[in-house]
Every structure is written in structure tokens, then in C-alpha cells.
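The values are calculated or read from the model by the stated rules, or taken from the named source; none is laboratory data. Just so it is clear, the model here is predicted, and its values are computed rather than measured. Positions of Cβ are backbone-derived with ideal geometry, glycine not excepted, and every protein chain shown enters the neighbour counts.
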Amino acid sequence: MTSSRYADLLLYHRYRYYVLGRPELSDTQYDDLERRVLAQYPGHPVASKPGSSMGYDYPSYIVDGRRPTPDERAWRDKRYPYNHLEHIDV
């Protein structure tokens, strides 16, 4: 799974938990997901920040429960940039 897809997955589950109050994952399952993302993508900008209870903090495609359009994917990648080379220990 790409870092962008993980970002969408985390945002989706955060929105369901923090805004709607209807989580699909248990706290343990969500914590495991977040740990997996951070293990695979250290410093990922979505996984590294806490969730928000404000609906406007989430992209419209997350709120609408749909896949992002190409323009929305470009916006997401610009808002949550992830460069794996910045996180490689040499």
C-alpha cells in the first residue's frame, strides 16, 4: 500500500471516530494500523499528527465516503507530502 493510500485510510478512520463517533475499528485495531504506517513510513505527516474532531480538517472525499478524484489526490499529496528519503538512517 502506498503512503498516500495509508493517509486516506487513517483520515477515514479518524473522521469516523472523532467527528461521527462511529468507529469501524476498535482502539487497538486503529493503534495497530497507525503503528504499521509509522513503521513503514516513519514521520508520515498524517500518522505523525493527532486526529481532529473538526469536520473541516478532513478532505471532502473522506467526508463523502468516496475515492478521491485525480485533482483531490494531487491536493492530498501536496498537503501531506511524504519523502521517504528524508527518513532513511545512513
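List, please: which pairs have Cβ atoms under 6 Å, are six or more places apart or on different chains, and start with a residue in the stretch 21-49 that is farther than 14 Å from Met1 by Cα and end with one that is in a loop (DSSP other than H, G, I, E, B)? So the pair list comes out as Pro45/Tyr80; Val46/Tyr80.
For the stretch 10-33, filtered to residues that are under 13 Å from the mean Cα position of the chain (by Cα) and over 26 Å from Thr69 (Cβ atoms), the residue that is surrounded by the fewest Cβ atoms within 10 Å (Cβ to Cβ) is Asp31.
Residue under question is Ala7, and the condition is that it be loosely packed, with under 13 Cβ neighbours inside 10 Å, among the hydrophobic types (A, V, I, L, M, F, W, C) and part of a helix (DSSP H, G or I); does it hold? So Ala7 fails the test.
For every residue, the table says whether it meets (1) modelled with pLDDT under 90; (2) not in a helix (DSSP H, G or I).
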| site | (1), (2) |
| --- | --- |
| Arg16 | no, no |
| Glu24 | no, yes |
| Gly43 | yes, yes |
| Ser52 | yes, yes |
| Tyr56 | yes, no |
| Arg76 | yes, no |
